[in-house]
Amino acid sequence: MNVLRTKDEIGRYRKQLRQEDSSLGLVPTMGALHKGHLELVRRACRENDSVLVTIFVNPTQFNNSQDLLKYPKTLESDLDKLRDLDCAISVFAPEVSEMYGASPNASTYDFGNLERVMEGVYRPGHFNGVATIVEVLLRLILPDRVYFGEKDYQQLQIVRQMVQQKGIPVTIVPCPIVREADGLAMSSRNTLLTNRLRNEAGFLYKLLGEVKKNFGTKNANEIAEFVREALTAHPDFKLEYFSIADAETLQPVGIVDTTKKYRAFIAAYLGEVRLIDNLPLN
Ligand code: PAF
């Protein structure tokens, strides 16, 4: 497997692909690859001649230093997982200093109301960090397509807006959430759950299923109350936010407009581990 470490190496890789007239799909990740990531890579492989997976734990998107320290770092096993896929994959795994120089700092963006809800409220600065690294990667790598999972749905909307604001010529490909058998959305953080808590984790998806069933018959406040009560009654979960929101603007639903798409969004702690999930409702 071709593992690139520097921007110069990326420059040479990109030049070669251009000479070969090869299309390039980019899958940006922070490593600790799971089946959800591998689905993004498989799709990128089907839709492009070459695929570049970036593995970079981006310090500027962590608003909590403990969270950054705890984040799983598993480069060797990530590379093994990618080697098992039958596809021309290269990996870009730079050091922090290669991407940021001596001091990692995020740029400042204005995402308007998109960042004034949900993750934007609970993780101040997070989206500036995400947008910074995604912009740097897109400008450096110049892929034809870039793949993002819908699990981080707000991130996807933020990246869409950043790409539009900056006029970066790339097609963003959103990919559905991949779930475990009990419905838990795949995430690198799931490995941090103890066995006991892992057995409880499917509860969040069950709850979102109930929300979907009730959407259209109960109003958003009644549904939110039901979710709050269910999680308060659960001994291991602590709700951070729940929202039924317009799938494009992410603003909380008022009166339902049947011409629009809505999604339910949830963030909750299970023990020490923060889980997020979302589900399309119509
Ligand atoms: O979704 C992620 O893993 C990260 O936020 C991303 C897009 C790779 C940026 O660091």
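The conditions are (1) out of contact with any Pro (no Cβ under 7 Å at 6 or more places or on another chain); (2) over 23 Å from residue 9 (Cα atoms), and residue 150 fails exactly one of them. Which is it?
Evaluating residue 150 over (1) out of contact with any Pro (no Cβ under 7 Å at 6 or more places or on another chain); (2) over 23 Å from residue 9 (Cα atoms) leaves (1) as the failure.
Of the conditions (1) among the charged types (D, E, K, R); (2) over 28 Å from residue 189 (Cα atoms); (3) touching a strand residue (DSSP E or B) at 6+ places or on another chain (Cβ under 9 Å), residue 152 clears all except one; give me its number.
(2)
Hey, could you check the stretch 19-29 for residues that are touching a helix residue (DSSP H, G or I) at 6+ places or on another chain (Cβ under 7 Å) and not hydroxyl-bearing (Ser, Thr, Tyr) and say which is farthest from the ligand (Cβ to nearest atom)? Talk me through it step by step, then tell me what you get.
At the first step, the residues of the stretch 19-29 found to be touching a helix residue (DSSP H, G or I) at 6+ places or on another chain (Cβ under 7 Å) are 24-29.
If we keep only those that are not hydroxyl-bearing (Ser, Thr, Tyr) as well, we get 24-28.
On the way: 24: 17, 25: 14, 26: 10, 27: 9, 28: 4 Å.
So the residue we want is 24.
Return yes when residue 42 is surrounded by 13 or more Cβ atoms within 10 Å (Cβ to Cβ), in contact (Cβ under 8 Å) with a residue 12 or more places away in the chain and closer than 21 Å to residue 98 by Cβ and no when it is not.
Working: surrounded by 13 or more Cβ atoms within 10 Å (Cβ to Cβ): yes; in contact (Cβ under 8 Å) with a residue 12 or more places away in the chain: yes; closer than 21 Å to residue 98 by Cβ: no.
Criteria not met by residue 42.
Here's a check for you: in the stretch 45-65, which residue that is of a type in the set (S, T, N, Q) and surrounded by fewer than 18 Cβ atoms within 10 Å (Cβ to Cβ) is farthest from residue 121 (Cα to Cα)?
Initial filter on the stretch 45-65 (of a type in the set (S, T, N, Q)): 48, 50, 54, 58, 60-61, 63-65.
Cutting the leftovers down to surrounded by fewer than 18 Cβ atoms within 10 Å (Cβ to Cβ) gives us 63-65.
Details: 63: 11, 64: 14, 65: 17 Å.
Filtering the stretch 45-65 for residues that are of a type in the set (S, T, N, Q) and surrounded by fewer than 18 Cβ atoms within 10 Å (Cβ to Cβ), the one farthest from residue 121 (Cα to Cα) comes out as 65.
Among the residues of the stretch 125-144, write down those that are more than 12 Å from the ligand (Cβ to nearest atom), assigned to a helix (DSSP H, G or I) and of a type in the set (A, V, I, L, M, F, W, C).
Answer for the stretch 125-144, where residues must be more than 12 Å from the ligand (Cβ to nearest atom), assigned to a helix (DSSP H, G or I) and of a type in the set (A, V, I, L, M, F, W, C): 140, 141.
Counting only residues that are acidic (Asp, Glu) and closer than 14 Å to residue 8 by Cα, which one in the stretch 92-113 is surrounded by the most Cβ atoms within 10 Å (Cβ to Cβ)? Talk me through it step by step, then tell me what you get.
Restricting attention to the stretch 92-113, the residues satisfying the condition of being acidic (Asp, Glu) are 95, 98, 110.
Subsequent filtering for residues that are closer than 14 Å to residue 8 by Cα retains 95, 98.
Values: 95: 10, 98: 16.
Selected residue: 98.
Just for the stretch 148-165: of the residues that are over 18 Å from residue 62 (Cβ atoms) and within 10 Å of the ligand (Cβ to nearest atom), which one is surrounded by the fewest Cβ atoms within 10 Å (Cβ to Cβ)? Walk me through it before giving the result.
Start the filter on the stretch 148-165 by keeping residues that are over 18 Å from residue 62 (Cβ atoms), which leaves 148-150, 153, 156-157, 160-165.
Remaining after also requiring within 10 Å of the ligand (Cβ to nearest atom): 148-149, 156.
On the way: 148: 21, 149: 22, 156: 16.
My answer is 156.
Before we move on, is residue 92 within 13 Å of the ligand (Cβ to nearest atom), under 26 Å from residue 21 (Cβ atoms) and in contact with a Ser or Thr (Cβ under 7 Å, 6 or more places away or on another chain)?
Values: within 13 Å of the ligand (Cβ to nearest atom): yes; under 26 Å from residue 21 (Cβ atoms): yes; in contact with a Ser or Thr (Cβ under 7 Å, 6 or more places away or on another chain): yes.
Judged against the criteria, residue 92 is a match.
I'd like to check which strands (runs of 3 or more DSSP E) are fully inside the stretch 145-251 and have at least 2 residues that are touching a Phe, Trp or Tyr at 6+ places or on another chain (Cβ under 9 Å) and aromatic (Phe, Trp, Tyr). Before the answer, list the steps.
On the way: elements: 145-149, 171-175, 237-246.
It comes to 237-246.
Using the structure shown, decide if residue 33 is part of a helix (DSSP H, G or I), crowded, with 18+ Cβ neighbours inside 10 Å, within 16 Å of the ligand (Cβ to nearest atom) and at pLDDT 95 or above.
On the way: part of a helix (DSSP H, G or I): no; crowded, with 18+ Cβ neighbours inside 10 Å: yes; within 16 Å of the ligand (Cβ to nearest atom): yes; at pLDDT 95 or above: yes.
No: the conditions fail for residue 33.
Quick check: is even one residue across the stretch 205-224 over 28 Å from residue 15 (Cα atoms) and aromatic (Phe, Trp, Tyr)? Show your work before the answer.
Filtering the stretch 205-224 for residues over 28 Å from residue 15 (Cα atoms) gives 205-224.
If we keep only those that are aromatic (Phe, Trp, Tyr) as well, we get 205, 215.
There is at least one residue in the stretch 205-224 that is over 28 Å from residue 15 (Cα atoms) and aromatic (Phe, Trp, Tyr).
Quick one: which of 253, 273, 227 is surrounded by 16 or more Cβ atoms within 10 Å (Cβ to Cβ) and closer than 15 Å to residue 114 by Cα?
On the way: 273 fails: closer than 15 Å to residue 114 by Cα; 227 fails: closer than 15 Å to residue 114 by Cα.
Exactly one residue qualifies, and that residue is 253.
Scan the stretch 102-124 and give yes if some residue there is outside any helix (DSSP H, G or I), within 23 Å of residue 210 (Cβ to Cβ) and away from the ligand (no atom under 15 Å from the Cβ), otherwise no.
Kept after step one, since they are outside any helix (DSSP H, G or I), are these residues of the stretch 102-124: 102-111, 116-118, 123-124.
From what's left, within 23 Å of residue 210 (Cβ to Cβ): 117-118.
Restricting the remaining residues to those that are away from the ligand (no atom under 15 Å from the Cβ) gives 117.
Yes; the residues of the stretch 102-124 include at least one that is outside any helix (DSSP H, G or I), within 23 Å of residue 210 (Cβ to Cβ) and away from the ligand (no atom under 15 Å from the Cβ).
How about the stretch 40-79: which of its residues are more than 14 Å from the ligand (Cβ to nearest atom), in a helix (DSSP H, G or I) and acidic (Asp, Glu)? Before you say what the answer is, go through the steps one by one.
Let us first name the residues in the stretch 40-79 that are more than 14 Å from the ligand (Cβ to nearest atom), namely 42-43, 45-51, 64-66, 69-70, 75-77, 79.
Now drop any that are not in a helix (DSSP H, G or I), which leaves 42-43, 45-47, 65-66, 69-70, 75-77, 79.
Hits for the stretch 40-79 are 47, 76.
Considering only residues that are touching a residue at least 60 places away in the same chain (Cβ under 8 Å) and touching a Gly at 6+ places or on another chain (Cβ under 8 Å), which ones fall in the stretch 209-250?
Once the filter is applied, which keeps residues that are touching a residue at least 60 places away in the same chain (Cβ under 8 Å) and touching a Gly at 6+ places or on another chain (Cβ under 8 Å), the stretch 209-250 yields only 209.
The values are calculated or read from the model by the stated rules, or taken from the named source; none is laboratory data. Note that the structure is predicted; figures quoted are calculated from it, not measured. Cβ sites come from the backbone with ideal geometry, for glycine too, and all protein chains shown count toward neighbours.
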